[in-house]
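Heads up, the thing below is written out as structure tokens.
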There are 2 protein chains.
Amino acid sequence: MFTDLKVSEFLDALASKDAVPGGGSGAALGGALGAALVSMVCNLTIGKKGYEESWEPLEEILERSEALRSRIAELLEADTQAYANVMEAYRMPRGTEEAKANRKEAMQAALRHAAEVPLEIAKSCSKVVELALPAAEMGNRWAVSDAGVGALLAEAAMHAALLNVEINLSSIDDTAYVQATRDGISAMTEECTRTKDRVQAIVAEAIKG
Amino acid sequence: MFTDLKVSEFLDALASKDAVPGGGSGAALGGALGAALVSMVCNLTIGKKGYEESWEPLEEILERSEALRSRIAELLEADTQAYANVMEAYRMPRGTEEAKANRKEAMQAALRHAAEVPLEIAKSCSKVVELALPAAEMGNRWAVSDAGVGALLAEAAMHAALLNVEINLSSIDDTAYVQATRDGISAMTEECTRTKDRVQAIVAEAIKG
């Protein structure tokens, strides 16, 4: 598991020319950082005097941000496997018409999976941004900037994961699938950017005091 | 050192209610991820046939991205110390006028340092975005999206670090220092966002094929 590496080792592995971890895993870690920061704001609020009304709603936010953090860590590993599967299909023989057809079919299936994993990373990141909003609104004032950092990192990680979706979509022949996926992405990114901007406005207001 | 923790342990520590690591360290790790991805694109290009003209310029980019990655890792640790110093000054006695004056002086010095560390993180992140541009322009086409991911994460990390600058600036009494710092920040963020957008345009064009 890449998350069993030391932080410094993970960064070294990312910087190296090895195929994995790559950008998809980097994006996933960005999203996991965002989720962890949302959890931190919840943990700094639940049980704290003066924030009694926030305790129960932030317990629920915490449960969701921790679930997203686990899921994103799984997807970080899944992304490296999805990439390996594409490479494996790419190297299949193409000496006969039958081999070519088999290879093409395997490639299309692998590409689709390799689009779906970063798409789920992106969706998870957009959900982290959604959770950063109540964390910024109801959380400990001393930690409001951490909700802001979480939203910034998770929104960027969503866009980063989507680059890896788009790379794979651009080689998929099923145009209806590609178009439906792109439409879903547009709706998600617009909503996510709006939410991130709301979080930043709350943070800016709170910092001004 | 926090970068000696496993990735999963770092995320757990970030999510916890412990004061450190906090948002500043999260932002630093986002910047380090960006630097590592720029390095990866360089490493996937240098020595690769068909990219001979990129080898030498990307050797220089690689040297700079690796230096930034080291520096950001140092700043990740420094940020936790700067925060601890503010807390220490905050807890100083204020029983007499003299104690109050001493505490105020210590607070102002600690706040200034606690603004300067994330400011250097932000500057380093903006430099990572600058390096992502030649990496996207001259790097291996197969890795162009990784330059895009690097730019997205580093730009968000810059903004994230700046939230931690602003928090501390808002408590600093030296208005000339505060204004000069804010002016520098505006210039940096505008330039950085322009560069990030250029990187994304190159990536989008390359993915379309």
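Of the listed requirements (1) open to solvent by 70 Å² or more (accessible area, probe 1.4 Å); (2) free of Cβ contacts under 8 Å to residues at least 40 places away in the same chain; (3) under 17 Å from A:Val199 (Cα atoms), A:Glu105 misses just one: (3). Filtered by the rule that a residue be open to solvent by 30 Å² or more (accessible area, probe 1.4 Å) and under 30 Å from A:Thr195 (Cβ atoms), segment A:108-140 gives A:Arg112, A:His113, A:Glu116, A:Glu120, A:Lys123, A:Lys127, A:Glu130, A:Glu137, A:Met138. Residues in segment B:135-173 that are part of a helix (DSSP H, G or I) and of a type in the set (Val, Ile, Thr): B:Val144, B:Val149, B:Val165, B:Ile167. Within segment B:187-203, the set of residues being over 23 Å from B:Ala160 (Cβ atoms) and touching a helix residue (DSSP H, G or I) at 6+ places or on another chain (Cβ under 8 Å) comprises just one member, B:Ile202. Residues that are assigned to a helix (DSSP H, G or I) and more than 17 Å from B:Leu14 (Cβ to Cβ) within segment A:27-57 comprise A:Ala27, A:Glu52, A:Glu53, A:Ser54, A:Trp55, A:Glu56, A:Pro57, listed in sequence order. Mind telling me which of the residues A:Ser39, A:Ser54, A:Ser65 ends up being within 25 Å of A:Ala154 (Cα to Cα) and over 26 Å from the mean Cα position of the chain (by Cα)? Only one candidate qualifies: A:Ser54. Taken over segment B:135-150, the criterion of being of a type in the set (Gly, Ala, Ser) and touching a residue at least 60 places away in the same chain (Cβ under 8 Å) is satisfied by B:Ala135, B:Ala136, B:Gly139, B:Ala143, B:Ser145, B:Ala147, B:Gly150.
For residues in segment B:72-102 being within 13 Å of chain A (Cβ to nearest Cβ) and open to solvent by 50 Å² or more (accessible area, probe 1.4 Å), which is nearest to B:Leu29 (Cα to Cα)? That would be B:Glu74.
Scanning segment A:144-186 for residues that are small (Gly, Ala, Ser) and surrounded by fewer than 24 Cβ atoms within 10 Å (Cβ to Cβ), we see that the one that is farthest from B:Asn164 (Cα to Cα) is A:Ala176. Just so you know, in segment A:33-71 the residues that are surrounded by fewer than 16 Cβ atoms within 10 Å (Cβ to Cβ) and within 22 Å of A:Glu120 (Cα to Cα) include one that is nearest to the other protein chains (Cβ to nearest Cβ), and it is A:Ser70.
Each row is one residue, and each column tells you yes or no for (1) among the small types (Gly, Ala, Ser); (2) at pLDDT 95 or above.
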| position | (1), (2) |
| --- | --- |
| A:Gly150 | yes, yes |
| A:Ala157 | yes, yes |
| A:Thr195 | no, yes |
| A:Ala204 | yes, yes |
| A:Lys208 | no, no |
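Is there a residue being within 25 Å of A:His159 (Cβ to Cβ), more than 7 Å from every other protein chain (Cβ to nearest Cβ) and either among the β-branched types (Val, Ile, Thr) or in contact with a strand residue (DSSP E or B) (Cβ under 6 Å, 6 or more places away or on another chain) (or both) anywhere in segment A:10-20? Yes, the conditions are met somewhere in segment A:10-20.
Screening A:Ala19 on (1) surrounded by 15 or more Cβ atoms within 10 Å (Cβ to Cβ); (2) in contact (Cβ under 8 Å) with a residue 40 or more places away in the chain; (3) of a type in the set (A, V, I, L, M, F, W, C) shows it passes everything except condition (1). Among the conditions (1) assigned to a loop (DSSP other than H, G, I, E, B); (2) under 30 Å from A:Val86 (Cα atoms), B:Val199 misses just one, which is (1).
The values are calculated or read from the model by the stated rules, or taken from the named source; none is laboratory data. Computed from a prediction, not measured in an experiment: that's the story for all the values here. Don't worry about glycine lacking a Cβ; one is built from the backbone with ideal geometry, like all the others, and counts go over all protein chains shown. Areas reflect the complete protein model, heavy atoms only, side chains present, ligands, DNA and RNA absent. Shrake-Rupley method; radii C 1.70, N 1.55, O 1.52, S 1.80 Å.
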